[in-house]
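Student: Handing you this structure, nothing more for now.
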Amino acid sequence: MRIEELTVRPPVTASPATTIQQAAALMARDAVGTLVITEGERVVGIVTDRDVVVRAVAKNLPLDSRIDGVMSMNVIALDAGTDVRDALHAFGQHAVRRLPIVSGGKVSGLLSLDDVVVALAGQFGEVTRGMSAQLLFPHAFDEPSPPAPIG
């Protein structure tokens, strides 16, 4: 399965010059916990609500400071056609919970580890329904055998 087949939310983006206050307001307005920071169409960083709290508020930075001062750089982004197994590997290898998705060099979505878990859980549910039926009714779907001849 490719990650573009999962429910990938559209990215909420901001420029590096966005202030911490503006970033927080944007997150609140769009009910998201992550902003993808872009210059033009290029991903240059990512900032989470936790970054705002830990890197800005807790350090008493002025709210008119630029968001690029608290964003994470060297962002790992995945192509929309990436296999979900490779996405899981990227989550584990880089110890992140969200990955921007790019298509044609342009940010097109944001994939969270939660998105992958929910999608896989749904698939496991489909698979286990059939297995559960076999466990509960082991011969319910067997073809009847012709009676054995007597004698």
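The values are calculated or read from the model by the stated rules, or taken from the named source; none is laboratory data. What you are looking at is a predicted structure, and each value in this text was computed from that prediction instead of being measured. We place every Cβ from the backbone using ideal geometry, glycine too, and count neighbours over all the protein chains shown.
Student: Here's a check for you: in region 21-68, which residue that is surrounded by fewer than 16 Cβ atoms within 10 Å (Cβ to Cβ) and among the acidic types (Asp, Glu) is farthest from residue 106 (Cα to Cα)?
Tutor: 64
Student: Let me ask you something else. On the basis of being under 15 Å from the mean Cα position of the chain (by Cα) and at pLDDT 95 or above, does residue 46 make the cut?
Tutor: yes
Student: Okay, moving on. Conditions: (1) modelled with pLDDT under 95; (2) on the phi < 0 side of the Ramachandran plot. Residue 95 meets all but one. Number of the miss?
Tutor: Going through the list (1) modelled with pLDDT under 95; (2) on the phi < 0 side of the Ramachandran plot, residue 95 breaks only (2).
Student: Exactly one condition in (1) under 15 Å from the mean Cα position of the chain (by Cα); (2) at pLDDT below 95; (3) more than 24 Å from residue 119 (Cβ to Cβ) is false for residue 8; which is it?
Tutor: Going through the list (1) under 15 Å from the mean Cα position of the chain (by Cα); (2) at pLDDT below 95; (3) more than 24 Å from residue 119 (Cβ to Cβ), residue 8 breaks only (3).
Student: OK, next. What pairs come out if I take residues in region 33-57 that are more than 21 Å from residue 101 (Cβ to Cβ) and pair them with residues that are crowded, with 16+ Cβ neighbours inside 10 Å and among the β-branched types (Val, Ile, Thr) whose C-beta lies under 6 Å away, six or more apart or interchain?
Tutor: Correct list of pairs: 55/70; 56/20; 56/70.
Student: Restricting to region 45-71, name every residue that is touching a helix residue (DSSP H, G or I) at 6+ places or on another chain (Cβ under 7 Å) and in a strand (DSSP E or B).
Tutor: 45, 47
Student: Would you confirm whether any residue within region 75-96 is surrounded by 14 or more Cβ atoms within 10 Å (Cβ to Cβ), part of a strand (DSSP E or B) and among the small types (Gly, Ala, Ser)?
Tutor: Scanning region 75-96, I find no residue that is surrounded by 14 or more Cβ atoms within 10 Å (Cβ to Cβ), part of a strand (DSSP E or B) and among the small types (Gly, Ala, Ser), so the answer is no.
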